[in-house]
Amino acid sequence: MRISIEKLDEDVDEPHVQLIISSGDFSVAQDSYISDEYFLEFGKALQTFPQHLKHEVIFDDGSPDPKYYCYILLRAFVYDGVGHSALEVRIEKHGVAPYSAAAHFHILCEAATLNDLGKSLESWVVSKEKKFVYPNGGT
């Protein structure tokens, strides 16, 4: 798993960011306006994942409704009775062809990896650095 977030510019309300996620076999890139606080909330929630077998941690931005620019869904979940975990990645860029795109895949990973991702996200937000790369130490 590799996740990169780069702040393209600082808007008045929310930074314009480029999000790139790769499983090794599949990857996707999408820009959006997402606040630091939203990444911080997601990071903190990942640090305590999973609390039970049905526990999910969800990050979503935008809407699956095509009238919105894009939709970003990241969902950490336990996929079996012994606690194996995955990160669901669903990203849609809405628009008319040839400008629309969509990607949907899952990244199998240990819960400890998701906990570490959460710690790295929190550290990045607090650092105020422009770029986040996981698993390369968060900057």
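Overview of values
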item	result
Diffusion constant of segment 4-67 at 20 °C, which comes from Stokes-Einstein with the Kirkwood Cα-pair radius and 1.002 mPa s, µm²/s	157
Number of Lys pairs (Cα under 26 Å; 8 or more positions apart or on different chains) in the chain	19
Residue 130-residue 52 pseudo-label distance in nm [points 7 Å out on the Cα-to-Cβ vector]	4.5
R0 of 30 Å, Cβ-Cβ distance residue 41-residue 84: FRET efficiency to nearest 0.05	0.75
Relative contact order, percent, the chain [alpha-carbon distance under 8 Å, six or more residues apart]	23
At 0.890 mPa s and 25 °C, Stokes D of segment 35-131 from Kirkwood alpha-carbon radius, µm² per second	170
Fluctuation leader among 93, 67, 54 - the chain, Gaussian network, Cα springs under 10 angstrom	67
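Just so you know, all these numbers are worked out from the coordinates, no wet-lab data involved. As the structure is a prediction and not an experimental result, all values here were calculated from the model. Glycine gets a Cβ as well: all are built from the backbone with ideal geometry, and neighbour counts include every protein chain shown.
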